[in-house]
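The values are calculated or read from the model by the stated rules, or taken from the named source; none is laboratory data. Remember, predicted model here, so these are calculated numbers, not experimental data. Quick reminder, even Gly has a Cβ in these numbers, built from the backbone with ideal geometry, and neighbours come from all protein chains shown. Each accessible area value is taken on the protein alone, full model and side chains, heavy atoms only, with ligands, DNA and RNA left out. Shrake-Rupley method; radii C 1.70, N 1.55, O 1.52, S 1.80 Å.
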Amino acid sequence: MNRLTLKLSLGAAAAMVLAGNAMAQVKIAYIDPLSGGAATIGEHGLKHLQFLVEGINAKGGVIGGQKLEAVAYDNKGSPQESLVQVQKAIDAGVRFITQGNGSGAAIAISEFVAKYNERNPGKEVLYFNYAAVDPALTNEKCSYWHFRWDANSDIKMAALTNFMLDKKEIKKVYIIGQDYSFGHAVRNAANTMLKAKRADIQIVGDELHPLLKITDFAPYVAKIKASGADSVITGNWGNDMSLLLKAAADAGLQVNWYTYYAGGAGGPTAIKQTGLDHRVYQISEWHTNVPAPEMESFADAFLKKYGGASQQGWWYLRMKNQMEMFADALNKAKSADPKKVAAVLADMKYKNSLGAEVYMRPTDHSLFQDMYISSFGSGTKHDEEKTGWGWKTIGVIKAQDTVVPTTCKMNVPS
């Protein structure tokens, strides 16, 4: 081989290395319902993830220029199917997984990932939970490989019941929820906290219904109406929330609603149909009328690109926290090794787009952040789903006031 040929060969090899580095990607699997009764929620969550990935990549990516890539897997809302999709993702070389819709699926994924990592040292996988809020996930079922970016259901119920504490007009409450782990957690917390804080309130109904299988909530609304309830507490999400509110509108049910997820797909439209101006409340980490220029600009950009005909806007500040903290952890670890990334995330503090500090608790991998109680109605700057109504802050719970004890006995790998 002459010197010219050698130089050409070395140049070609260098070009291949540079091309390989430019194409290097850190993949994150999105495993949520993309079909079935929760598809509208799952599809919109995927748009959130894609928008975040696009933004991080536009700023130069991670670890010196590598790009993030979101890969979608449809779990059909099923815990069993979730595990099939997790295995598919792992087989495809994905080592970071995110999911949020359904605590049943979340528990299944967390347990699967923990067992997989135990059997496959050096090939670990991390699970980022952006919305599944069963308290068990960061208590008795906690795992080093699981990180949650949302407040658990007990924290949310504590905020709602504290808000209800001084509302003496509340006399009779109806509790309705979905029949699975999260629904049971909401139900138990509502009963326990109401009895402790407002023993004078009469609980006139307490029932669970099949998860994402009810197409007509008219019979349930009839029971609420017959009970004489003046208020309803529900953790329903997806179609189970929007269809419940729609049935309430059709029946002319005039009650106050205390919810976790009334702002999901179709919820704002259904609330407007009820005519209950600022009588539907939600507990969340953010809403579109929280005054924060950076977040307002971000949400506007998302709405323009991904809002679609229904004009569904940005929902999850927690997913933004998750992905920005993930990118920061990748850069600080200078590696996409899940074990190294987990070590950085475990006690990370981060200033979010509202200018507030959030932090991950190392003992159970729970993120703590400010929480907002808001009502939906007229007279707001930003509306939802072209209704002319939007969310208005009623109360703010600071991050330090959301901290609850944990029973987590975390097994930290060596």
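Here are some notes:
- Under the Debye formula (equal points on every Cα, no solvent term), log10 I(q)/I(0) of the stretch 327-414 at q = 0.10 Å⁻¹: -0.42
- Quotient of C-alpha Rg and 2.2 N^0.38 Å, computed over the stretch 134-185: 1.44
- Point-to-point label distance, D277-M410, nm (Cα→Cβ direction, 7 Å offset): 4.8
- Solvent-accessible area per residue for the stretch 277-414 (1.4 angstrom probe, square angstrom): 43
- GNM top mover of T161, T259, T215 - the chain, alpha-carbon springs below 10 Å: T215
- Among the trypsin sites (Lys or Arg not before Pro) in the stretch 171-213, those placed in a DSSP loop whose Cβ has at most 15 other Cβ atoms within 10 Å are K171, K213.
- Computed over the chain, the convex hull of the alpha-carbon atoms projects to a mean area of 22.2 nm².
- For the stretch 196-212, Karplus couplings with θ = phi - 60° (6.51, -1.76, 1.60), whole Hz, Gly/Pro x: 6, 9, 9, 5, 6, 6, 8, 8, 9, x, 8, 9, 10, 10, x, 6, 6
- Close amide H contacts of V232 (hydrogens built in the peptide plane, cut-off under 5 Å, sequence separation of 5 or more or a different chain): Y174, N256, W257, Y258.
- The per residue volume of the convex hull around the alpha-carbon atoms of the stretch 234-371 is 137 Å³.
- Under 5 Å from the amide H of G36 lies no amide H of any residue 5 or more positions distant or on a separate chain, with H modelled from the backbone and absent for Pro and chain starts.
- Here the stretch 57-206 exposes an accessible surface that is 49 percent carbon and sulfur, computed with a 1.4 Å probe and the other protein chains kept in place.
- Toward the positive end of the charge dipole of the chain, with +1 on the Cβ of Lys and Arg and -1 on the Cβ of Asp and Glu, the farthest Cα among I397, G235, S297 is that of S297.
- With a simple spin-label model that places each label point 7 Å from the Cα along the Cα-to-Cβ direction, the separation between A58 and A92 comes to 2.4 nm.
- Legend: distances between Cα atoms for K88/K351; K172/K392; K123/K332; K47/K392; pairs beyond 28 Å are K88/K351.
- Principal axes of the stretch 48-99: Cα extent on each, largest first, Å: 37, 22, 10
- Folded to 0 to 90 degrees: helix 239-251 orientation relative to the chain principal axis, Cα: 30
- Scanning residues 5 or more positions from D179 or on other chains, those with amide H under 5 Å from its amide H are H209, L211, with H placed 1.01 Å from N in the peptide plane.
- Selection from N139, V94, T40, by position along the positive dipole direction of the chain (Cβ): V94
- Once the Cα atoms are used to define both axes, helix 79-91 deviates from the longest principal axis of the chain by about 10 degrees.
- 5 Å-binned pair-distance histogram of the stretch 56-155 (Cα, whole percent): 3, 12, 23, 23, 18, 12, 7, 2, 0
- Relative to one another, the C-alpha centroids of the stretch 61-102 and the stretch 139-205 are positioned 30 Å apart.
- FRET efficiency for K168 and D216, using Cβ-Cβ distance with R0 set to 35 Å, rounded to 0.05: 0.50
- Surface per residue (accessible, 1.4 Å probe) for the stretch 98-187, Å²: 30
- Charged-residue dipole, Cβ positions (Lys, Arg, Asp, Glu), the chain about Cα centre, Debye nearest 20: 740
- With at most 11 other Cβ atoms within 10 Å, longest stretch of the chain clear of loop GluC sites (Glu not before Pro) (DSSP): 170-414
- Mean-position separation - Cα centroids, the stretch 245-315 and the stretch 396-414, in angstrom: 29
- For the chain, a Gaussian network of Cα nodes joined below 10 Å ranks A70, A356, A131 by mean-square fluctuation, and the top entry is A356.
- With R₀ fixed at 60 Å, the C-beta to C-beta distance from K351 to K223 puts the FRET efficiency at about 0.80.
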